[in-house]
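Data block below; observations after.
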Amino acid sequence: MKKKRAKEVYTLADLRKWDSIDPPVRLAVFGDPVAHSLSPQMQNAALKTCKIDMQYARFQISPDELQSALDLIRELNFVGVNLTTPHKIAASKLMDEIDDNVKRIGAINTVKIDNAKLRGYNTDGKGFARAVRQEFAVDLRDLRVMILGAGGAARADGPGSLPPGAR
């Protein structure tokens, strides 16, 4: 029997008539637009290497569809989703629980579904600091940083998430 492959981009309509594939899609990125995201290639390579029997997929979800999509992934036993433009700020009001970092910056990039609860986190600031440290061999405390933007990632990478002493 031939395995059914994941689509390049799913939609809310796909979630409403969800048809399981093998291995199952249980992780995703929600965005609008989302077709350009390289997350599935990276995440699926990691899942395969770690022998985790699930897939990560892209979902084109508009702002007015976000609540419905989150409700559906909870019902469909997804493990979690990543959020990108334009959902990071709006999602903070749709979670059952948010961590202290999200409370401080008001933006979410990671949703974990745990016991049917949506738990919101933001890892953007930590990822930004780690990338600067690894790529440039400097700590953010040693730099003057200018962040251009006003969205969820800019909030996470901004003054609220920089290490003490950073300017």
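The values are calculated or read from the model by the stated rules, or taken from the named source; none is laboratory data. Keep in mind it's a predicted model, so treat the numbers as computed, not measured. Quick reminder, even Gly has a Cβ in these numbers, built from the backbone with ideal geometry, and neighbours come from all protein chains shown.
Just one of the numbered conditions (1) closer than 20 Å to T123 by Cα; (2) at pLDDT 95 or above is not true of S68; which one? Of (1) closer than 20 Å to T123 by Cα; (2) at pLDDT 95 or above, only one is false for S68: (1).
When each of V145, V79 is tested for being modelled with pLDDT under 75, on the phi < 0 side of the Ramachandran plot and β-branched (V, I, T), the lone residue that passes is V145.
Taking segment 73-101 as the range and being in the same structural domain as G31 (by TED's automatic domain parsing) and over 16 Å from the mean Cα position of the chain (by Cα) as the test, the residues that pass are E75, L76, N77. Within segment 5-36, restricting attention to residues that are of a type in the set (G, A, S) and surrounded by 16 or more Cβ atoms within 10 Å (Cβ to Cβ), which residue is farthest from A69 (Cα to Cα)? The qualifying residue farthest from A69 (Cα to Cα) is A6. Within segment 14-43, the set of residues being touching a Phe, Trp or Tyr at 6+ places or on another chain (Cβ under 9 Å) and among the charged types (D, E, K, R) comprises D14, R26.
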